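Have a look at the structure below before the remarks.
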Amino acid sequence: MRESILRSVIEAIQLPAGSSGLDAGCGIGLQCLLLAEAVGFSGHVTGLDQASGLLNCGEELVKEAGLSQRISFQKGDVTTLPFDNHTFDWAWSADCIGYAPLEPLPLLKELSRVVKPGGIVAISGWSSENLLPGYPRLEARLRAISGGLAPFIHGKKPETHFLRALGWFRDIGLKEPRVKTFADGFYAPLSYEIRAALTDLIEMRWPDAERELSSDDLSEFQRLCLPDSPDFILNLSDYYAFFTHTLFWGYVAG
């Protein structure tokens, strides 16, 4: 579902052809494929994650794509990257650094540490969505519950919120920090793949909603958001949804 928008996000940072970079918190490596596409045949991408199972999936995906020479994986923790200073031409992290319930500044410093002077540091993440067209009141209430706020945590300092990352870049001395938000959307009739992805997203976005909604809101939520309901929102003939993905990037001094 996000392939198109992530390709646009990666294009915006203009990774140099033939460069070597890091995908910190790479998961199963889907973005490694797009990053490798961006740097071309002579470039290289290293994916890092602390979950062995995800890395194993990534290795299989890369092998199937015929990119094993251009993408490699290493197990490690984003809080203490297992690389020397100035190892990479650029570093990227999506839905991880600045987006997890960890203090963002030390993570961003660690990411910039492994990038050569003049190199690019970029973090990005899912930043908003509208999934219930015609029901803004219910969707606003869902955004305010614990699941709707996740992975942000109620009570965190405002300056640690992902959308304040421009200040983090300035605080650690990265040059020319900038930010851009990208949008994409889907409308009926939905393909099988997109319908399945949106169904998964609705289930993932508001888990345990019944614990925090009023009885009236819960009844409406169950009517619109449960796949087996005859009024499931994705059944609308005029269904439309959109989401945004926000990118912050800057350059290592020197």
Problem set entry | helices (runs of 4 or more DSSP H) wholly inside region 84-179 containing at least 1 residues that are more than 14 Å from the chain's Cα centre (by Cα) and without any contact (Cβ under 8 Å) to a residue 24 or more places away in the chain | 136-144, 146-149, 165-171
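Take the conditions at pLDDT 95 or above, more than 17 Å from residue 249 (Cα to Cα) and of a type in the set (S, T, N, Q) and apply them to residue 31. Does it pass?
no
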For this session: Name every residue in region 163-187 that is under 21 Å from residue 131 (Cα atoms) and in contact with a helix residue (DSSP H, G or I) (Cβ under 8 Å, 6 or more places away or on another chain), in order of residue number.
Result: 182, 183, 184, 186
Seminar exercise, completed: Residue hits (region 229-254; among the aromatic types (Phe, Trp, Tyr), loosely packed, with under 15 Cβ neighbours inside 10 Å and either in contact with an Asp or Glu (Cβ under 8 Å, 6 or more places away or on another chain) or free of Cβ contacts under 8 Å to residues at least 24 places away in the same chain (or both)) are 242
Exercise. When you go through (1) exposed (fewer than 14 other Cβ atoms within 10 Å of the Cβ); (2) touching a helix residue (DSSP H, G or I) at 6+ places or on another chain (Cβ under 9 Å); (3) among the charged types (D, E, K, R); (4) closer than 22 Å to residue 136 by Cβ one by one for residue 205, which number turns out not to apply?
Worked result: (1)
Exercise. Got a sec? Which of 67, 54 is more than 22 Å from residue 12 (Cα to Cα), part of a helix (DSSP H, G or I) and either open to solvent by 20 Å² or more (accessible area, probe 1.4 Å) or not β-branched (Val, Ile, Thr) (or both)?
Worked result: 54
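Listed here are the residues, each with its yes/no results for (1) in a loop (DSSP other than H, G, I, E, B); (2) touching a Leu at 6+ places or on another chain (Cβ under 8 Å); (3) in contact (Cβ under 8 Å) with a residue 12 or more places away in the chain.
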site: 186; (1), (2), (3): no, yes, yes
site: 190; (1), (2), (3): yes, yes, yes
site: 194; (1), (2), (3): no, no, yes
site: 199; (1), (2), (3): no, yes, yes
site: 202; (1), (2), (3): no, yes, yes
site: 207; (1), (2), (3): yes, no, yes
site: 216; (1), (2), (3): no, no, no
site: 220; (1), (2), (3): no, yes, yes
site: 223; (1), (2), (3): no, no, no
For this session: Can you confirm whether region 53-73 contains a residue that is touching a Lys or Arg at 6+ places or on another chain (Cβ under 7 Å) and without any contact (Cβ under 8 Å) to a residue 60 or more places away in the chain?
Result: yes
For this session: Check residue 73 against each of (1) assigned to a helix (DSSP H, G or I); (2) surrounded by 20 or more Cβ atoms within 10 Å (Cβ to Cβ) and name the one condition it does not meet.
Result: (1)
Problem set entry | region 225-246: number of residues that are assigned to a loop (DSSP other than H, G, I, E, B) and over 26 Å from residue 181 (Cα atoms) | 9
Problem set entry | Number of the exception - residue 249 against (1) at pLDDT 95 or above; (2) assigned to a helix (DSSP H, G or I) | (2)
Exercise. For region 138-186, what are the residues that are closer than 30 Å to residue 215 by Cα, surrounded by fewer than 16 Cβ atoms within 10 Å (Cβ to Cβ) and modelled with pLDDT of 95 or more?
Worked result: 140
Problem set entry | Members of region 101-128 found to be out of contact with any Ser or Thr (no Cβ under 7 Å at 6 or more places or on another chain), surrounded by 18 or more Cβ atoms within 10 Å (Cβ to Cβ) and over 19 Å from residue 17 (Cα atoms), listed by number | 108, 112, 126
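The values are calculated or read from the model by the stated rules, or taken from the named source; none is laboratory data. Fair warning: this is a prediction, and the values are worked out from it, not measured in the lab. We place every Cβ from the backbone using ideal geometry, glycine too, and count neighbours over all the protein chains shown. The protein model used for the area step is the full one, side chains on, heavy atoms only, and it has no ligands, DNA or RNA in it. Shrake-Rupley method; radii C 1.70, N 1.55, O 1.52, S 1.80 Å.
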